[in-house]
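Structure record follows, encoded as structure tokens.
The values are calculated or read from the model by the stated rules, or taken from the named source; none is laboratory data. If you're wondering where the values come from, they're calculated on a predicted model, not measured in any experiment. Note: ideal-geometry Cβ built from the backbone for every residue, glycine included; neighbour counts use all protein chains shown. With ligands, DNA and RNA removed, areas are computed over all heavy atoms of the protein, side chains included. Shrake-Rupley method; radii C 1.70, N 1.55, O 1.52, S 1.80 Å.
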Amino acid sequence: QVQLVESGGGLVQAGGSLRVSCAASGRAFSVYNMGWFRQAPGKEREFVAAISRGGGSIYYADSVKGRFTISRDNAKNTVYLQMNSLKPEDTAVYYCAGGTIWGTSRRTSEYTYWGQGTQVTVSS
């Protein structure tokens with residue numbers, strides 16, 4: 001069992017930056033592949049970024065490629081999402097997720113554990 005807690009969300013102006021974090025407790029964090037997803041009001045939850053257990057494989061959604069960076073610190077049981085050049089369309093609740101399946105890394109079904117989410121709002 002793993003508990004995930006996101007933090008670092010908030011309100012930022014378009015063009016600004018924000019870093020959200022996800023702290024894990026419970027079973028060994030390093031065995032899990034980690035992902036970030038987001039969900040805007042009235043929309044389905046969508047993939048943002050994923051990082052493999054050792055950090056050797058990283059994937060991004062096309063919509064955030066070049067602007068967002070996912071990273072992890074296994075010693076601190078934490079995964080990060082650095083978000084730069086934020087746009088109003090990035091506004092959503094951001095969720096971190098953990099799982100042991102490394103398929104496409106983009107499907108919610110590949111992740112077993114989910115955090116409660118943190119709100120990111122980008123004003124124009």
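Does the range 9-21 hold any residues that are open to solvent by 50 Å² or more (accessible area, probe 1.4 Å) and either acidic (Asp, Glu) or assigned to a strand (DSSP E or B) (or both), and which are they? Residues satisfying the conditions are 11, 13, 19. Listed by first and then second residue, the pairs linking a residue in the range 112-124 that is polar (S, T, N, Q) to a residue that is open to solvent by 90 Å² or more (accessible area, probe 1.4 Å) and not in a loop (DSSP other than H, G, I, E, B), with Cβ atoms under 7 Å apart and 6 or more places separating them unless they lie on different chains, are 121/11; 123/11; 123/13. Sub-8 Å Cβ pairs linking a first residue in the range 54-75 that is of a type in the set (Gly, Ala, Ser) to a second residue that is in a loop (DSSP other than H, G, I, E, B) and open to solvent by less than 40 Å² (accessible area, probe 1.4 Å), at least 6 apart or interchain, are 57/105; 71/55, ordered by first then second residue. Name every residue in the range 93-113 that is farther than 17 Å from residue 71 by Cα, open to solvent by 30 Å² or more (accessible area, probe 1.4 Å) and either among the hydrophobic types (A, V, I, L, M, F, W, C) or in a helix (DSSP H, G or I) (or both), in order of residue number. Once the filter is applied, which keeps residues that are farther than 17 Å from residue 71 by Cα, open to solvent by 30 Å² or more (accessible area, probe 1.4 Å) and either among the hydrophobic types (A, V, I, L, M, F, W, C) or in a helix (DSSP H, G or I) (or both), the range 93-113 yields 93, 101, 108, 109. Residue 4 meets the conditions (1) within 19 Å of residue 121 (Cβ to Cβ); (2) among the aliphatic types (A, V, I, L, M); (3) in contact (Cβ under 8 Å) with a residue 60 or more places away in the chain in every case but one. The failed one is (1). Note on the range 4-60: residues that are polar (S, T, N, Q), farther than 20 Å from residue 87 by Cα and in contact with a Cys (Cβ under 9 Å, 6 or more places away or on another chain) amount to 0.
Of all residues in the range 74-92, those that are open to solvent by 10 Å² or more (accessible area, probe 1.4 Å) and either assigned to a loop (DSSP other than H, G, I, E, B) or touching an Asp or Glu at 6+ places or on another chain (Cβ under 9 Å) (or both) total 9. For the range 22-73, a residue qualifies if it is of a type in the set (Val, Ile, Thr) and either assigned to a strand (DSSP E or B) or open to solvent by less than 40 Å² (accessible area, probe 1.4 Å) (or both), and the qualifying residues are 48, 51, 58, 64, 69, 70. Would you mind stating whether residue 6 is part of a strand (DSSP E or B) and acidic (Asp, Glu)? Yes. Of all residues in the range 81-124, those being closer than 12 Å to residue 38 by Cβ and acidic (Asp, Glu) number 2.
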